[in-house]
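J.: Take a look at this one; I'll ask things after.
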Amino acid sequence: MATPANPLAPDWLREPADANELHPGLWSRTVDRIDGRLVVGGVSADDLAARFGTPLYVVDETEARQRAAEVRAAFADAFARVGSNAKVYYAGKAFLSIEIARWMVDAGLNIDVCSGGELAVAVAADVDPARIGFHGNNKSLAEIDRAVALEVGTIILDSVQEIERVAEAAARHGRTQRVRLRVNSGVHAHTHAFLATAHEDQKFGITLTDTPAAVARIRELDGLDFLGLHCHIGSQIFGADGFAESAARLLSVHKQLLDDGPVPELNLGGGFGIAYTAADDPSPIDELATRIAETVASGCAELGIPIPVVAFEPGRSIIGTAGLTLYTVGTTKDVTVSYQDDGETAVRRYVSVDGGMSDNARPALYGADYSVRIANRATDAAPALVRVAGKHCESGDIVVDADYLPNDVAPGDLLAVAATGAYCWSLSSNYNYVGRPAVVAVRDGEARVIVRGETEADLLARDAAYAVNKEDIA
Ligand code: LLP
């Protein structure tokens, strides 16, 4: 029997007829319910929890590899249709480990890193340095030196100072470094809408007005080989309009730059969105790729210039849906909440789990929404509005702000939160001395740890006083 909708539910949240349902698009394609139990990559969630404990990051290797290949093909095909080529870099900041870097390279992608640490992971994964793009708005001299010494394929220059720094490193190592220049197109996009301004108030890149002089300087320096402009307009973007506007702005400067030398490439960054809830409806990647390729092609035709090779740097759209997080329910509480001035009340059920903002900071940082299901069983119980909270000492420690779970959800149940593959592990912390969970990859019925979880010993190991005491004892 249908229950009246809970007035505390946000407008976008639909009460499901069946609170066990796994909404397509939110979960990786191997996720299914078999005998009531959620299964991913052929392994059931309760087996994973029993073997590896919770909280647990689970990455579906098949999905990650397949998405990487699909995204690469979407851009390659779209640009081939307009007579050009596309290059795809996986944005490692979304989720990088040695294994994940290898999956991406196997799928034909390049790797975008934005720090010495990410570069070290790519190197440890034996990624050919020629396939690495090195980002960062304030790379250290040591990071620049290492990247040049390693012969990374491209360095994305982010300031006028960096032009000189990379040129000096190139001279020191007796080589020529291919570089892109990051510019700020004045387009900023988020989810549905984009904002176009003359100048964006942010730290990345240089303005379009300053670009010709910066490129002239790059071209003056022997050790630098100018590849083209780069722009990244935002993240979790659902449509193509922002990319189209940004590309149009970049192409007019790109044309000017062609007067004084070659400009073989254009890099439009990443930012393609995914669904976190059933209300999210991002455009499929092949549609976005087609729209962007057509816009670039028609822009180039209008300007009378050849279509450059266009590079992209997707992160979330490759790895986001491939990840899910498993938690165990510890406590449940029904909290009566007044929601109107006249004293109307409704009940919100808080379901507390054994992780939280240390393994997923996105709800606390960005107000991000997620979706949750019971993973160890299916039940006929009616749906109840829940808020899944973590175990940290902060009221903003929310994992899932609002979703419906069967109202018999109870301590000991296993919960799966969908689409946690991007920017969860990579933004994780040790807040409250909670160790980061392990990352387990699943594929064809097998599960294996690809990043081990942190133990209390790991957490104490960097405490200098602890080390001294240990030596005293030894
Ligand atoms: N390229 C550049 C230069 C970037 O700055 C980023 C993301 C990407 C590519 C990849 O964007 P993606 O395709 O993954 O959207 N922590 C935030 C997202 C920050 C994105 C930062 N830059 C979040 O959790 O929503």
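The values are calculated or read from the model by the stated rules, or taken from the named source; none is laboratory data. Everything numeric in this text was worked out from a predicted model, so none of it was measured. When we count neighbours, we look across all protein chains shown, and the Cβ atoms used for this are built from the backbone with ideal geometry, even at glycine. Note: areas computed on protein heavy atoms with side chains; ligands, DNA, RNA excluded. Shrake-Rupley method; radii C 1.70, N 1.55, O 1.52, S 1.80 Å.
J.: Can you tell me the alpha carbon radius of gyration of the stretch 365-474 divided by the globular rule-of-thumb value 2.2 N^0.38 Å?
T.: It is 1.38.
J.: Could you tell me which of ALA244, THR345, PHE79 has its Cα farthest along the dipole of the chain towards the positive end, charges placed at Cβ (Lys, Arg +1; Asp, Glu -1), taken about the Cα centre?
T.: In the chain, that residue is PHE79.
J.: Right, next: Compute the accessible area per residue over the chain, keeping the other protein chains in place, probe 1.4 Å, unit Å².
T.: On the way: 19910 Å² over 474 residues.
I get 42 Å² per residue for this part.
J.: Helix 241-258 against the longest principal axis of the chain: what's the angle in degrees, Cα atoms only, rounded to the nearest 10?
T.: 20
J.: Can you compute log10 of I(q)/I(0) for the stretch 62-319 with the Debye formula, treating each Cα as one identical point scatterer, at q = 0.13, 0.15, 0.17 Å⁻¹?
T.: Reported log10 I(q)/I(0), two decimals: -0.79, -1.07, -1.39.
J.: Can I ask one more? Using packing as a proxy for protection, rank 135-147, 260-272 so that the peptide with the highest average count of other Cβ atoms within 10 Å comes first. Don't skip to the end; give the middle numbers.
T.: On the way: 135-147: 17.7, 260-272: 20.5.
With the highest mean Cβ count within 10 Å placed first, the list reads 260-272, 135-147.
J.: Over the stretch 330-470, what is the relative contact order in whole percent, taking alpha-carbon pairs under 8 Å and six or more residues apart?
T.: On the way: 247 pairs, mean separation 30.1, N = 141.
That works out to 21 percent.
J.: Same structure, new question: Measure off, as a whole percent, the carbon and sulfur share of the 1.4 Å-probe accessible area of the stretch 62-319, all protein chains present. Could the numbers behind the result be given before it?
T.: Numbers: 4920 of 9810 Å².
On the stretch 62-319, the fraction of accessible area on carbon and sulfur atoms equals 50 percent.
J.: Could you work out how far helix 211-220 tilts from the main Cα principal axis of the chain, as a 0 to 90 degree angle to the nearest 10?
T.: 60
J.: Given a cut-off of 26 Å, name the pairs among LYS203/LYS391; LYS93/LYS203; LYS139/LYS255 whose C-alpha atoms lie farther apart than that in the structure shown.
T.: Table pairs above 26 Å Cα-Cα are LYS203/LYS391; LYS139/LYS255.
J.: Can you work out the FRET efficiency for the pair GLU220 and ASP334, with r the C-beta to C-beta distance and R0 = 56 Å, to the nearest 0.05?
T.: Computed FRET efficiency for GLU220 and ASP334: 0.20.
J.: Right, another one. In what order, largest first, do THR176, THR379 sit by accessible area if the probe radius is 1.4 Å?
T.: Sorted by accessible area, descending: THR176, THR379.
J.: Any idea of SER97's accessible area? Nearest 10 Å², probe 1.4 Å.
T.: 10
J.: Taking 41 Å as R0, compute the FRET efficiency from the Cβ-Cβ separation of ASP126 and ALA457 and round it to 0.05.
T.: 0.90
J.: Now, a different point. Compute the whole-percent fraction of alpha carbon pairs in the stretch 234-297 spaced more than 17 Å apart.
T.: 47
J.: What is the calculated FRET efficiency for ALA50 to LEU365, with r their C-beta to C-beta distance and R₀ = 35 Å, to the nearest 0.05?
T.: After rounding to 0.05, the efficiency reads 0.65.
J.: Further question on the same structure: Loop-only chymotrypsin sites (Phe, Trp or Tyr not before Pro) in the stretch 1-69, please: DSSP not H, G, I, E or B, and at most 11 other Cβ atoms within 10 Å.
T.: Those satisfying the criteria are TRP12.
J.: Hey, for a label at GLU394 modelled as a point 7 Å past Cα toward Cβ, could you say which residues of the stretch 432-455 have their backbone N under 18 Å away?
T.: Taking a point 7 Å out along Cα→Cβ of GLU394, the residues of the stretch 432-455 whose backbone N falls under 18 Å are 432-437.
J.: Additional query: In Å, what Kirkwood hydrodynamic radius results for the chain from the alpha-carbon pair distances?
T.: 23.9
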